[in-house]
Amino acid sequence: MIKPAIGWIVEESNALGKAGKYLKSKGGAYIPTKNGGGVFMNKNVIISVRGIQTSANKDKNKLELVTEGKYYKKGNAYYVTYKESEVTGMEGTTTTLKISDGVVTLMRFGSVNTQFIFEQGQNHLSYYDTRHGTFTMKITTRLVSIDVDDGGGEIKVDYKLEIDDNKSGENDFHMFIREAGQFDDKSLGDYKAAN
């Protein structure tokens, strides 16, 4: 019998693209159960995301987000999951990143639904489903840098984005993952955009 931690319930779902038993938090985050998905490590983490969006006319928009989330390992892949907030404009959305074999897959479920695949030197198409409509997104990934282990780590992604065949701009994000209660200078330092 599965005994979830306080605040979690076991639910049959298709949450992460595969039917099975998942743990679901009060906030709506999904994590596969050990019996249903082989989770080997599961930690509460602090996630720091720093990003720069550069529009087609070279206007820059910087974003910084620090939030709590979950970090777990399933097979050879690491997963980071957290709830979006009104700060990001995606309140009611759960974001999950799958990190495996040099590829970062970003999945969002809720008020925004999408799956972006970041694979260095590759193009990937995706649908971006929002309350305002669905858009076709083309992701051209220029850089993927992954340095993660069971204790956390960092991810850097630099990519070009086209929305419905129109160039939207260039984006990069830098994510730091650390166990809750631990700090390190890298996660507090100045952000340097990848060029």
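Since every read-out is calculated from the coordinates, none of them should be taken as a lab result. As the structure is a computational prediction, the values presented were derived from the model and not from experiment. Ideal geometry is used to build each Cβ from the backbone, glycine not excepted, and the neighbour counts take in all protein chains shown.
Tell me, what ³J(HN,Hα) does each residue in segment 105-112 have, in order and in whole Hz, if you take phi through Karplus 6.51 cos²θ - 1.76 cosθ + 1.60 with θ = phi - 60° and put x for Gly and Pro?
Rounded to whole hertz, the list is 10, 9, 10, 10, 9, x, 5, 10.
Quick one: which of K60/K138; K83/K156; K74/K160; K62/K98; K70/K156 span more than 27 angstrom between C-alpha atoms?
As for pairs spanning more than 27 Å Cα to Cα, those are K74/K160.
With label points built 7 Å along Cα→Cβ from the Cα atoms of D150 and D129, find their separation and express it in nm.
According to this spin-label approximation, the distance is 3.7 nm.
Check which residues have an amide H placed less than 5 Å from G92's amide H, if you skip close sequence neighbours.
E84
Charges only on Cβ, +1 for Lys and Arg, -1 for Asp and Glu: so what's the dipole of segment 71-158 about the Cα centre, in debye to the nearest 20?
In debye, rounded to 20, segment 71-158 gives about 260.
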